[in-house]
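Here is the structure we will look at, set down as structure tokens.
The values are calculated or read from the model by the stated rules, or taken from the named source; none is laboratory data. Not measured: the values here are computed from a predicted model. Glycine gets a Cβ as well: all are built from the backbone with ideal geometry, and neighbour counts include every protein chain shown. All accessible areas refer to the heavy atoms of the entire protein, side chains included, with ligands and DNA or RNA removed. Shrake-Rupley method; radii C 1.70, N 1.55, O 1.52, S 1.80 Å.
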Amino acid sequence: MVMDKGLSVNDAQNFLSVSHPHVDVVKLGFGTSFVTPNLKDKLEVYKSYDIPIYFGGTLFEAFLIRNQFDDYIQVCKDFGITYMEVSDGSITIPHAEKCGYIEKLTKFGTVLSEVGSKDAANIMPPYKWIQLMRAELDAGASYVIAEAREAGNVGLYRDNGEVRQGLVNEILTQIPGEKILWEAPQKGQQLYFIELLGCNVNLGNIAPSEVLPLESMRIGLRGDTFNLYLKEKS
């Protein structure tokens, strides 16, 4: 998942002209879609490459806190958005209620739900991550997103970007890795998950300029993973 934090129409076209084979989905970060003046034109560029788009979870939360859930659905319909993120990183939503929103949105498209807080002081124990992820997948989410923000310094990570390895390993004992989208904006974080889960691990919050470097790292064409796929000499 690539995070578009405000590319112009031309920037989006240039980005996709070289990177589109390696992009599965694009998120228009936080609420940027709401302040993008030529949003429809940019969406058409992404659609021309058959790349799904979704609005950042913060926009969902902004509608929800104003009691405008139905308006959010209508906005997605108006712009032809069929992927939707349900998150509660900025507001508090009772979890049963959050799962209800996930279930409702599955009638309109593919739902990705985000687990984890944007507040660095709010550190959830592993069992809570597992509990929330399992419930949200059961509610109909196609993927659960493990929160890290665009900087990669909360949620899955310590404030210096270091992976909470114990947390990750415990999550993986209960939740299938293929159902998790790990937010990993930093190179070291991407490398950690490639080494742990293989070249096809789901990674998110990737900057447009980092798509080709990441793909190179996935397939052993970067120094960090050059020896990862070479057969051992006898």
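Please indicate, with yes or no, whether at least one residue in the stretch 129-137 is in a loop (DSSP other than H, G, I, E, B) and among the hydrophobic types (A, V, I, L, M, F, W, C). No; the residues of the stretch 129-137 include none that is in a loop (DSSP other than H, G, I, E, B) and among the hydrophobic types (A, V, I, L, M, F, W, C). No other residue among Glu61, Glu44 is acidic (Asp, Glu), at pLDDT 95 or above and open to solvent by less than 80 Å² (accessible area, probe 1.4 Å) apart from Glu61. For the stretch 216-225, taking the residues that are over 21 Å from Glu150 (Cα atoms) and touching a residue at least 24 places away in the same chain (Cβ under 8 Å), the one that is least open to solvent (accessible area, probe 1.4 Å) is identified as Thr225. Within the set Tyr143, Tyr192, Tyr157, Tyr229, the sole residue that is over 25 Å from Lys5 (Cα atoms) and among the hydroxyl-bearing types (Ser, Thr, Tyr) turns out to be Tyr229.
Here the stretch 188-215 is the region considered, the condition is being of a type in the set (Val, Ile, Thr) and in contact (Cβ under 8 Å) with a residue 60 or more places away in the chain, and the residue that is surrounded by the fewest Cβ atoms within 10 Å (Cβ to Cβ) is Val211. Looking only at residues in the stretch 143-173 that are loosely packed, with under 15 Cβ neighbours inside 10 Å and polar (S, T, N, Q), the one that is modelled with the lowest pLDDT is Asn160.
Looking across the stretch 82-112, the residues that are open to solvent by 10 Å² or more (accessible area, probe 1.4 Å) and under 17 Å from the mean Cα position of the chain (by Cα) come down to Thr82, Tyr83, Asp88, Gly89, Ser90, Gly109, Thr110. I want to confirm something. Restricting to the stretch 1-49 and keeping residues that are part of a helix (DSSP H, G or I) and among the aromatic types (Phe, Trp, Tyr), which single residue is farthest from Glu85 (Cα to Cα)? Going through the qualifying residues, I end up with Phe15. When restricted to residues that are within 26 Å of Gly57 (Cα to Cα), assigned to a helix (DSSP H, G or I) and out of contact with any Pro (no Cβ under 7 Å at 6 or more places or on another chain), the stretch 168-196 contains 14.
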